[in-house]
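Bear in mind these aren't lab numbers, they're just calculated from the coordinates by the rules spelled out. Since the model is a prediction, treat every value here as computed from it, not as a measurement. Note that we place each Cβ from the backbone using ideal geometry, even for glycine, and neighbour counts take in every protein chain shown.
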């Protein structure tokens with residue numbers, strides 16, 4: 001029997017490998033920039049996640065100043081809102097909607113734009129219960145963290161796919 005189950009697992013692995021299946025997070029996107037600077041405070045959550053993704057991707061070195069970098073990441077907007085989504089018959093809140101809007105761009109060492117401003121919008125719904133305030137606060141923090149992680153993942157995919165513009169070439173035209 002163990003030999004049969006091994007054969008089934010091997011067959012399944014071959015099928016998935018043959019169709020090109022791979023886990024979404026299993027592959028780090030390499031950036032097309034040799035050096036990269038993140039113009040955010042060191043404690044900013046987005047910066048921490050970006051550094052993790054870039055270091056995992058390899059091929060790009062994080063530097064300590066914009067002058068040394070081929071590309072500088074600039075945050076244009078980080079807007080987070082918590083709005084009431086629904087209330088019950090007694091007028092108590094049942095659900096909240098958490099919304100995050102994030103805008104960014106990339107510039108070169110001269111301050112010229114190499115990736116135009118991009119915007120991400122994410123939202124999550126959160127049920128609420130007066131009897132579990134502490135648990136719901138923790139759930140809200142986890143949802144915000146999840147949204148930040150998802151935003152950085154989308155940023156990395158976009159930066160890996162978007163071909164950077166050459167501002168010097170455009171000025172010459």
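Per-residue answers, yes or no, for (1) in contact with a helix residue (DSSP H, G or I) (Cβ under 7 Å, 6 or more places away or on another chain); (2) in a loop (DSSP other than H, G, I, E, B); (3) surrounded by 12 or more Cβ atoms within 10 Å (Cβ to Cβ):
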{"residue": "64", "(1), (2), (3)": "no, yes, no"}
{"residue": "74", "(1), (2), (3)": "no, no, yes"}
{"residue": "84", "(1), (2), (3)": "no, no, no"}
{"residue": "89", "(1), (2), (3)": "no, yes, no"}
{"residue": "97", "(1), (2), (3)": "no, no, yes"}
(request) Kindly indicate the residue of the range 104-125 that is free of Cβ contacts under 8 Å to residues at least 40 places away in the same chain and closer than 19 Å to residue 143 by Cβ and also surrounded by the fewest Cβ atoms within 10 Å (Cβ to Cβ) among those meeting that condition. (result) 121
(request) Among the residues of the range 47-62, write down those that are out of contact with any strand residue (DSSP E or B) (no Cβ under 7 Å at 6 or more places or on another chain) and either surrounded by 18 or more Cβ atoms within 10 Å (Cβ to Cβ) or on the phi > 0 side of the Ramachandran plot (or both). (result) 49, 53, 58, 59
(request) For the range 127-144, enumerate the residues that are surrounded by 13 or more Cβ atoms within 10 Å (Cβ to Cβ) and over 20 Å from the mean Cα position of the chain (by Cα). (result) 127, 128, 136
